[in-house]
């Protein structure tokens, strides 16, 4: 992943939030830590619709990449700074990298240089002229199944 400055992260998150619907921009201060983290994932995605598979994968892959403690660190930051803009302003370099990782994952489906969640990624929602290859004929990978 290319190096991004703090300003790039703020600009990326600001752009995502500018196009986000009101629920995604809502304050993140809820009681349950996992709910806060899930709300953070949705807010960074900047969309009301996110495939459940992608949201679950974001939780799992983030914890795998950064450790479970990083989830709680981001939740603590979200509780102190309950909007993405204020989180970006207060984020350490590590937290900014983690938020950028979530945004990159959500829009590309890429993990460790491998595109594992290609068919669910939000990048396809951003394109008005295309869908994920193979999705128009059935579920992703349907062409690999033997014909019945």
Could you check the simple spin-label distance between residue 33 and residue 79, using points 7 Å along Cα→Cβ, in nm with one decimal?
0.9
Proxy reagent accessibility, fewest Cβ within 10 Å first, across 94, 127
127, 94
For the range 37-83, take the alpha-carbon Rg, divide it by the Kirkwood Rh, and send me Rg/Rh.
0.97
Inter-label distance for residue 89 and residue 127, nm, one decimal - labels placed 7 Å from Cα along Cα-to-Cβ
3.7
For residue 108 and residue 72, FRET efficiency with R0 = 30 Å and r from the beta-carbon atoms, rounded to 0.05?
0.75
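Quick note: the coordinates plus some simple rules give every number you see, no bench work behind them. Being a predicted model, the structure only gives us computed values, none of them experimental. All Cβ positions, even for glycine, are placed from backbone atoms using ideal geometry, and neighbour counts span all protein chains on display.
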